[in-house]
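Read the structure below first, then the notes.
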Amino acid sequence: MSTRRTRSAVHRRILTATTTATALTAAAVLTGCSKNTKAADPTPTPPGPSASPSPSADPQASEKAKALAAYDGFWVETVKAYESGTDKGTKLVNYAANSALDDALTDITNMQKAGITKQGSPGHRPEATALNLSSQRPTATITDCLDLSTWRTIDRATGKVQPYPSEQPLRYIAVAEVELWAGQWLVVKMTPNGDRTC
């Protein structure tokens, strides 16, 4: 997997908050069956209303669910790595690639240098808001409402909680780009939108 060392806007903000305020801004079938039987009464009955066909399931639902599962896995492993201060022992590479992976690894390094860690985990309300299966590499867009209120920044030396910067919204929209690589959905880019609260 190729990676790029470019930073998204949120991760530049995370680095700034980490180095200036020692806080990190972080950068989810119906089956119908019918049985026809002959009536015991031979008297013909008038035909009833025709049964309407059952609504067809969303043909993209399965792939959307897989993309959401990859996004959930990305966050589970990111939270583990941020708390332990290393990606070793996590499965982050199974869920992330490109700038999403690079930014997470850079954050881990910067947090180690700043002497901080994360505890708890962010809240989520992710939705698959777009899916394109016809491109050469299928893509999905996940839109999430991130809630940082349950994800604390801790000073490793003192154990004290470091408050978020006053201008940092605790709930905001984040958008993830997810791509299908060799049968596996991977988060390739995370874009927080701190000006879009939720």
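For the residue pairs K64/K118; K91/K160; K113/K160; K91/K189, the C-alpha atoms sit more than 25 angstrom apart in K64/K118; K91/K160.
For the pair A157 and C198, label points projected 7 Å from Cα toward Cβ lie 3.7 nm apart. Per residue, the range 87-154 exposes an accessible area of 44 Å² to a 1.4 Å probe, with every protein chain left in place. How high is the FRET efficiency between Q112 and R137 when r is their beta carbon distance and R₀ equals 35 Å, given to the nearest 0.05? Once the sixth-power term is evaluated, E becomes 0.55.
When only Cα pairs under 8 Å and 6 or more residues apart are kept, what is the percent relative contact order across the range 89-198?
Here the relative contact order equals 27 percent.
Considering only G115, T153, I142, the residue lying farthest towards the positive end of the dipole of the range 111-198 is G115, judged by Cα position with unit charges set on Cβ. As a fraction of the 1.4 Å probe accessible area of the range 156-198, surface on carbon and sulfur atoms comes out at 51 percent.
Placing dummy labels 7 Å off each Cα toward the beta-carbon, the span from A130 to K88 is 4.0 nm.
Leaving out ligands, DNA and RNA, what percent of the accessible area of the range 58-142 is carbon and sulfur, probe 1.4 Å? Here carbon and sulfur together make up 49 percent of the probe-accessible area.
Here the range 141-158 and the range 64-109 have alpha carbon centers that stand 14 Å from each other.
The values are calculated or read from the model by the stated rules, or taken from the named source; none is laboratory data. Only a predicted model underlies this, so the values are computations on that prediction, with no experimental measurement involved. Virtual Cβ from ideal backbone geometry, glycine too; neighbours counted across all protein chains shown. These accessible areas exclude ligands, DNA and RNA; they are computed on the full protein's heavy atoms, side chains included. Shrake-Rupley method; radii C 1.70, N 1.55, O 1.52, S 1.80 Å.
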